[in-house]
Each structure stands twice: as C-alpha cells, then as structure tokens.
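The values are calculated or read from the model by the stated rules, or taken from the named source; none is laboratory data. As the structure is a computational prediction, the values presented were derived from the model and not from experiment. Here Cβ is always computed from backbone atoms with ideal geometry, including for glycine, and neighbour counts include all displayed protein chains.
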Amino acid sequence: MLRNAVIILKGEYIVTMGKANSKEEILKCAKKEFLKKGYKDASLRKISKMAGVTTGAFYAHFSDKNQLFETLVAPAFKESCNMQVNMMGQYYDLLYSGHINQQAIRSISHTNMKEYINYVYKYIDEFKLILMSSEGTSYANFIEDMVSWSVEEGIRYFAELKNQGIKVNYISKKELHILSHIHFSAIYEVVKHDMSKEEAFEYLGTITKFFVAGWNSVLGIEL
C-alpha cells in the first residue's frame, strides 16, 4: 500500500510540475508574441503552438488573452504605481520636516528618478508591453492614467505648500495636465526608443535639467 501511495504521489507531482512548466512556457511565448505583434494581433493559437500545448491546455491556465496579458504586466505595473505613491510621500515628508529647499527637492527628484529607471530596466519587457503593445487592454492609457493621478496629487501638494506659507504661482488644471503629460511621455521615451540603461541615464539627466528649470519658471515656488 505504501509503495502504491508513493507511486501515486510521484505521479501527481509529475503532473503538477508539468502544468507549472507549461504555464511558464506559455508566458514566455506569449511575451514574445505580444512584443512582436501587440495585444490585438497576437494569436492564442500561435502562442499555444509555440509553447507546445493544446488550446485546451492553455485554457487550463488562463481564461482568455486578457488574463494572459494581465499576468505578464500586472506585477510590474502595480509596483510602478506603488513607487510613484512613495515618491510623492517623500515630498510631503520634506515639506513637514521644515527643511524644504530647492536643493533638497532636486536631490529627492534625482534619487527617485534613478531608482525608478533602474526599476523600469529591471522589467524592461513588461514596460515595452505596457507602452507599445497594450492597445485593446486596460493598460493602453497607462501614461494618461499616470498623468491624471499626478495632476490631482500636484494640485493637493501645491495647496499644502500655500498652507505652509510658501508662494506658488497659479496654474490651471488643464495646463498642469498638458505639461505633466509632456514630462511623463519624455521619461518613457527611453523605453520606446530602446535605449540602453546608460543612454537612458544620460538622456534623463538632460531632460531633468530642462523640466526642473521649466517647472521652476512656471510655478515660481519661493522657498
């Protein structure tokens, strides 16, 4: 009986491992297909064939193409959002510390940008999927969604600066949205233009100088 039980357990283990391996293979092949053709034109039949599984085996792991894409990009997307929230929190911490000044703001901005770009390049394929292959999914408006969040947070932060007695020039929500969209789009050009990480840091050093000077001129924050 014990011997039979071991055989059965081994059999279950082999099946389980087989399923796990097939899922990883599907994800690997799906990433290639999505990067090459985009979400809309990617074929589940071709992905299954590339992965060496039947269509039925595919549906044992994923309910549809959308869930497959979601599985590939959701972790990177969620952590990206968390990083943005944490970065915004650092500006509030600086404000309430009583030691806010232009140099401290630039230091936080520089450190956060470096950390974020390192993260993007750690998951470069996932960001390529989000930015260039996501038409037809909820991720197609990634930059626009990030901008909308940033604008709302910016408005709240500017109001808090004023509450703390710090002068900030008026800027309409529409103007802030347009300028923020330009800023975010410029950052993600490093992915769209397939820059190396070294090229990205050099490029971002240039645009950071450009946008810091621009934001300072527009907002006129007096510290």
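One table, with the values for the structure above:
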item	result
Count of residues meeting criterion [over 18 Å from Leu129 (Cβ atoms) and surrounded by 15 or more Cβ atoms within 10 Å (Cβ to Cβ)] in the stretch 24-60	4
Ile100 outside the structural domain of Lys28 (by TED's automatic domain parsing) and over 28 Å from Lys28 (Cα atoms)	yes
Test result for Lys192, out of contact with any Pro (no Cβ under 7 Å at 6 or more places or on another chain) and either assigned by TED's automatic domain parsing to the domain that holds Gly38 or modelled with pLDDT of 95 or more (or both)	yes
Lys128 vs. criteria part of a helix (DSSP H, G or I) and either surrounded by 14 or more Cβ atoms within 10 Å (Cβ to Cβ) or touching a residue at least 40 places away in the same chain (Cβ under 8 Å) (or both)	yes
Scan of the stretch 35-63 for residues that are assigned to a helix (DSSP H, G or I) and aliphatic (A, V, I, L, M), ordered by number	Leu35, Leu44, Ile47, Met50, Ala51, Ala57, Ala60
Unmet requirement for Ala140, which otherwise passes all of (1) without any contact (Cβ under 8 Å) to a residue 24 or more places away in the chain; (2) in a helix (DSSP H, G or I); (3) surrounded by 14 or more Cβ atoms within 10 Å (Cβ to Cβ)	(2)
Number of the exception - Gly220 against (1) touching a strand residue (DSSP E or B) at 6+ places or on another chain (Cβ under 9 Å); (2) under 22 Å from Thr111 (Cα atoms)	(2)
Test result for Lys209, assigned to a helix (DSSP H, G or I), outside the structural domain of Cys29 (by TED's automatic domain parsing) and either over 30 Å from Lys36 (Cα atoms) or without any contact (Cβ under 8 Å) to a residue 24 or more places away in the chain (or both)	yes
